[in-house]
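Enquirer: Quick one: the structure is below, and I'll ask about it shortly.
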Amino acid sequence: MENNIYVLGGAQTDFERNWSKEGKGVVALLKEVIDDGLKNIGITYEDIIKYNKDGKIACFIANFLGEYFINQSHVGALLTEVNPAFYGVPSARYEAACASGSVALDAAITKLRAGDYDIAFVIGWELMKTVDAKTCGDFLGRAALYEEEASGIEFPFPKLFGQLADETIKKYNLDEKRYLDNLARISVINYSNAKRNPYAQTRKWFMNEAQASSRGTSTNALIGNKLAISDCSQVTDGAVFVALASQKFVEENLKSKDYPIVKGWGHRVAPMKFSEKIKESSDSNYILKWTRQAVVDAYNRANMSVDDIDFFETHDCFTSSEYMAISAFGITEPGCEYEAIESNMISFYGKKPINPSGGLIGCGHPVGASGVRMFLDLYKQVTGQAEGYQLNKADNGMMLNIGGSATTNYVFIVGKK
Amino acid sequence: MDIRTVTVIGANGTMGCNISGIFASFGEAKVYMVCRNIEDAKKAREKAKISVRAEAIGKNLIPRTYEDLEECLAESDLIFESVKEDIEIKKDVYNRIIKYIKPNTIIGTGTSGLSINELSECFDESLRPYFLGIHMYNPPYYMTLCEVIPSKYTDLKILKEVKEYLKSNLLRKVVEVKDEPAFMGNRIGFQFINEALQYAELYKDNGGIDYIDAILGPFTGRNMPPLMTSDFVGLDVHQAIVDNIYNNTMDYAHETFKMPDFALKLISEQKLGKKSGCGLYQTIINSDGTRTYKVYDISSNSYRSKENYIFPFAKQMINEFKIGNYKSAFKKLIENNSIEANICIQFMLKYVIYSISTAKSIGENIYSADDVMANGFNWVPPLAVVDAFGGVQNFIMIANKKLPKEFLSQIDITTLMQDVPQSKYDYRPFFKAK
């Protein structure tokens, strides 16, 4: 890439927090994450006013369902409520269900690369604890083809990813028990990684393999075919801020040039309906071929391969989606994902750790924020700022963020320059 | 430290049961849940599984009775005593188990305030190095604080290993505390709660209980107002804690641990709080399922409807918190000179001063009070209040301006505060917009 895009850093809120219980709304949420983010990257509100005079700064807001959860649309304009420094700053909302964070990042990266702006703030957020679990499940059904796949169905998404589990067993002719044990192992790895992450929703929760395998009990009820609660990420409230800058900005304004850069990206959209996805991928070795293609695109654009990637942050909205991602990343051949799980390759101390942060299952899944959270975690690992969950070797990281039932597939590679 | 088998004695009590769940889950230990009869033990086992939201730990939980103690203790690496908070009952239990304890077994008591030194003297010299206080808060799955209290006989190596086990295996926030009445969390927490109770009496003609709770509500850095907390734990438990402190300690806040007369009267009438149907508050479930919330009116000695007080300072603070303007909220509190705002800020200031003074006298370090209040009470940590008020110098200035002369004459705030660092906790999540 000619014009490198630099990641300056950012901040995230504590995903354990329930902002409704605190009585606080989206303005408070955004104020906190932006205040913290600016402090971390060393930029002030006065700087924002200065950059905006030349029209060189813009904001990209990721949010899925503000209309449903808090009766708020037009969320790109909300930053003007955070601080008057945002008056006049171009800002808009980007939405692609759970991949909203990535589509906002992509827009910001593209604008910077084109030279339209020098600095971009990407802010992903979602407040989901305003409604009960069933209502929330129904709202989230809008990420699928609502009329056909979600309307009138209790918890539609666990059921769609339960179908992914069923189809995975079928396609690769897997032993069901072995497959489900591997899904339980994925859940436990994510919970256990989250224990090291001071921002993770589940950092105080208990999970072990016996509990994750006790599907169908009252503390681990079945919720989507063979999948139980322990196979699911949990919704939460949260916001994440990431600042990106053009090469020109870094060279002209910052003392240190030692920031990570965006090395590659991939973006592919699969058929909206899950049944159509499976049908269309039947001629491929990969169960979700467009997810794999997004990964391949990112490797090609970065001129890298799986061998160059030290760690991954993936979209484990359910254990079945992380299982699928193992081969999509190229860690194993499709159908052999169990090898990476059973050999501990994807564990924190393994050769190819997945979700050192705890992932969606461990960190929590504030939908519009999750893509930006993964990206921030790539930055933290690469720059050695991941506190208790820092990996020993983290020069290059890849993230996969999916929207719907792996409909929108986004991949980024962030690494040392 | 390798703890594979634990015996919990008194496992059907709330704490015994929940702590059994913690040992069996995070600790992955086999836990003998010893109760007076097997039916209670079986019921406790079910509750323990639910308390950590994991039925799969059931295989680690084994119901047992006192008859089985010999067999249980022969196998145990750790014994956790959680029987009634009565020194004679505890001594009796220790006498029963002493002959079965194998060498090198850790013996922990869950007492919330009895003297660890005195309890340890029930054991012979060979066992005393292994005995210490392990005080968790309820419910332990959500409240991760664990105060560890060595006796003067506790072996320092054992102490270090137990602390590490509690921290790394059981994921507790471990704070070592000196063997002082009520230890640290309850000493600080009940200083605040009991003084609030005294203020309810003092301001009984302004409304009393619900009036004081409205002044010290969630917007002051806690989930539940202090007197509602007392009603929730029970006035009898509250009394046991403050009496123990009042009778056995002497510091500048001594008189604030004295239970007011109206509360003693409620206790004598068995109006203990939520658990007995009424106490400081009363919730009436109507025939149509709706609830009526009442409060004990100290002046008229009767229950009346709970008032919905709206104090301008509180309303302004809540509105600022709602949109994340923390600094403006505290500015509004500091600048307001109403009776209610003054009571509120005085309580917040005194809370910080008492906490720091207590941390210095009985804690591990200056951060101890923050750790106990955040993880045991879910209250804003005291050092974080200093941060919220703009740092140490601002805090001292505000304290000198807002606190009564009589209070200031008792304590040298400048010396007390001189080495106070920034809190490790973020104050923002603790101040609720409600």
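The values are calculated or read from the model by the stated rules, or taken from the named source; none is laboratory data. Computed from a predicted model, the values in this text were never measured in an experiment. Reconstructed Cβ throughout: ideal geometry from the backbone, glycine too, with neighbour counts over all protein chains shown. Note: areas computed on protein heavy atoms with side chains; ligands, DNA, RNA excluded. Shrake-Rupley method; radii C 1.70, N 1.55, O 1.52, S 1.80 Å.
Enquirer: Report the semi-axes of the equivalent ellipsoid for region A:268-417 in whole Å, largest first, where each axis is √(5λ) for an eigenvalue λ of the Cα gyration tensor.
Expert: Over the Cα atoms of region A:268-417, the ellipsoid semi-axes are 24, 16, 15 Å.
Enquirer: Rounded to the nearest 0.05, what FRET efficiency do B:N247 and B:E335 have when you use their Cβ-Cβ distance and R0 = 56 Å?
Expert: Calculated transfer efficiency: 0.85.
Enquirer: Round to the nearest 0.05 the FRET efficiency obtained for A:E252 and A:Q385 when R0 = 22 Å and r is the Cβ-Cβ distance.
Expert: The value I calculate is 0.35.
Enquirer: Moving on to the next point. Of A:K129/B:K402; A:K195/B:K275; B:K30/B:K90, which ones are farther than 29 Å apart at the Cα?
Expert: Those over the limit are A:K129/B:K402; A:K195/B:K275.
Enquirer: Just tell me which lysines come within less than 16 Å, Cα to Cα, of A:K279; anything on the same chain fewer than 8 places away is out.
Expert: Cα-Cα hits under 16 Å: A:K170, A:K171, A:K289.
Enquirer: Bins of 20 Å, beginning at zero and ending with the bin holding the largest distance: percent of Cα pairs per bin for chain A, please.
Expert: All Cα pairs considered, the percentages come to 30, 60, 10, 0.
Enquirer: So for chain B: antiparallel DSSP bridges make up what percent, rounded to the nearest 5?
Expert: 40 percent
Enquirer: Among DSSP beta bridges whose residues both lie in the protein assembly as shown, state the antiparallel percentage, nearest 5.
Expert: So the antiparallel bridges in the protein assembly as shown amount to around 55 percent.
Enquirer: Which loop-located chymotrypsin sites (Phe, Trp or Tyr not before Pro) does region A:17-91 contain, where loop means any DSSP state but H, G, I, E or B and the Cβ has at most 14 other Cβ atoms within 10 Å?
Expert: Taking region A:17-91 and a limit of 14 other Cβ atoms within 10 Å, the loop chymotrypsin sites (Phe, Trp or Tyr not before Pro) found are A:Y87.
Enquirer: Please express the Cα-Cα pair-distance distribution P(r) of region B:191-326 as a list of whole percents, one per 10 Å bin, running from 0 to the bin with the greatest distance.
Expert: 12, 40, 32, 14, 2, 0
Enquirer: Please state the shape class of region B:150-219: rounded when a/c is under 1.5, otherwise prolate if a/b exceeds b/c and oblate if not, all from the C-alpha gyration tensor.
Expert: In terms of gyration-tensor shape, oblate.
Enquirer: Grab the eigenvalues of the alpha-carbon gyration tensor for the protein assembly as shown, scale each by 5, take roots, and send me the semi-axes largest first in whole angstrom.
Expert: Each semi-axis is √(5λ); the values are 47, 35, 25 Å.
Enquirer: Quote to one decimal, in nm, the extra length available between A:R178 and A:Y349 on full extension: 0.36 nm per residue of separation minus the C-alpha distance between them.
Expert: Contour length minus Cα-Cα distance gives 59.3 nm.
Enquirer: Which percent, to the nearest 5, of DSSP beta bridges fully inside chain A are antiparallel?
Expert: Counting DSSP beta bridges with both partners in chain A, the antiparallel share is about 70 percent.
Enquirer: Give me log10 I(q)/I(0) at q = 0.14, 0.26, 0.34 Å⁻¹ for region B:244-289, Debye formula, one equal scatterer per alpha-carbon, no solvent.
Expert: Here log10 of I(q) over I(0) equals -0.50, -0.91, -1.09.
Enquirer: Based solely on C-alpha atoms, express the radius of gyration and the Dmax of region A:215-319 in angstrom.
Expert: In order Rg, Dmax, the Cα atoms of region A:215-319 give 19.5, 60 Å.
Enquirer: May I pose another question? I need to check one value: relative contact order of region B:216-262, counting alpha carbon pairs closer than 8 Å and at least 6 residues apart, in percent.
Expert: RCO, region B:216-262: 24 percent.
Enquirer: Moving on to the next point. Give me the percent of the accessible area of the protein assembly as shown that comes from carbon and sulfur atoms, probe 1.4 Å, all protein chains in place.
Expert: Using a 1.4 Å probe with all protein chains present, the protein assembly as shown comes out at 48 percent carbon and sulfur.
Enquirer: Checking the cross-link filter: which lysines have an alpha carbon closer than 23 Å to that of B:K271, excluding same-chain neighbours under 8 positions apart?
Expert: B:K84, B:K204, B:K258, B:K294, B:K306
Enquirer: If you stretched the chain out fully between B:S126 and B:D288, how much longer would it get, using 0.36 nm times the residue separation minus the C-alpha to C-alpha distance?
Expert: Here the answer is 52.0 nm.
Enquirer: How large is the Kirkwood hydrodynamic radius of region B:296-385, in angstrom, based on all distinct alpha carbon pairs?
Expert: Hydrodynamic radius (Kirkwood, Cα only) of region B:296-385 equals 15.3 Å.
Enquirer: While we're on this one: Determine the shape class of region B:131-191: with a ≥ b ≥ c the square roots of the Cα gyration tensor eigenvalues, call it rounded for a/c under 1.5, and otherwise prolate if a/b is greater than b/c, oblate otherwise.
Expert: It comes out oblate by the Cα gyration axes.
Enquirer: When the chain is fully extended, how far beyond the present Cα-Cα distance does B:R36 get from B:K178, taking 0.36 nm per residue of separation?
Expert: Stretched fully, the B:R36-B:K178 segment lengthens by 47.9 nm.
Enquirer: Follow-up. For region A:155-203, just say rounded, prolate or oblate: build the C-alpha gyration tensor, square-root its eigenvalues into a ≥ b ≥ c, call rounded for a/c under 1.5, and beyond that prolate if a/b exceeds b/c, oblate if not.
Expert: Verdict is oblate for region A:155-203.
Enquirer: OK, next. Enter the mean number of other protein chain beta carbons within 10 Å of the beta carbon of each residue in B:419-432, as an integer.
Expert: The shielding value for this peptide is 2.
Enquirer: Determine the relative contact order of region B:136-181: mean sequence separation of Cα pairs under 8 Å and six or more apart, normalised by residue count, in whole percent.
Expert: So the answer I get is 46 percent.
Enquirer: Next up: Any idea what the alpha-carbon Rg over 2.2 N^0.38 Å comes to for region A:107-231?
Expert: 1.35
Enquirer: Also, quick follow-up: So which aspartates and glutamates pass the test for A:K257, namely a Cα distance under 17 Å, with those fewer than 8 places away in the same chain ruled out?
Expert: A:E2, A:D118, A:D395
Enquirer: Helix B:326-335 against the longest principal axis of chain B: what's the angle in degrees, Cα atoms only, rounded to the nearest 10?
Expert: In chain B, helix B:326-335 runs at an angle near 60 degrees to the longest axis.
Enquirer: Using square roots of five times the C-alpha gyration tensor eigenvalues, list the equivalent-ellipsoid semi-axes of region A:274-350 in whole Å, biggest first.
Expert: 20, 16, 11
Enquirer: Are there chymotrypsin sites (Phe, Trp or Tyr not before Pro) in region B:139-231 that DSSP marks as loop and that have at most 15 other Cβ atoms within 10 Å, and which are they?
Expert: Qualifying residues, ordered by number: B:Y142.
Enquirer: Give the A-B buried accessible area in Å², both sides summed, 1.4 Å probe, nearest 100.
Expert: Using a 1.4 Å probe, the pair buries roughly 2000 Å².
Enquirer: Please find the FRET efficiency linking A:Y87 to B:N400, where r is the Cβ-Cβ separation and R0 is fixed at 45 Å, and quote it to the nearest 0.05.
Expert: 0.65
Enquirer: Continuing with this model, one more query. In sequence order, what are the phi-derived ³J(HN,Hα) couplings for region B:265-274 according to the Karplus relation 6.51 cos²θ - 1.76 cosθ + 1.60 with θ = phi - 60°, rounded to whole Hz, with x for glycine and proline?
Expert: 5, 4, 5, 5, 8, 6, 8, 8, x, 3
Enquirer: Sticking with this one: Filter the chymotrypsin sites (Phe, Trp or Tyr not before Pro) in region A:340-417 down to the DSSP loop ones having no more than 14 other Cβ atoms within 10 Å, then list what survives.
Expert: Here the chymotrypsin sites (Phe, Trp or Tyr not before Pro) that fit, given the DSSP loop and packing criteria, are A:Y349.
Enquirer: Which whole-number percent is the relative contact order of region B:144-216 (Cα, under 8 Å, 6+ apart)?
Expert: Over region B:144-216, the number comes to 28 percent.
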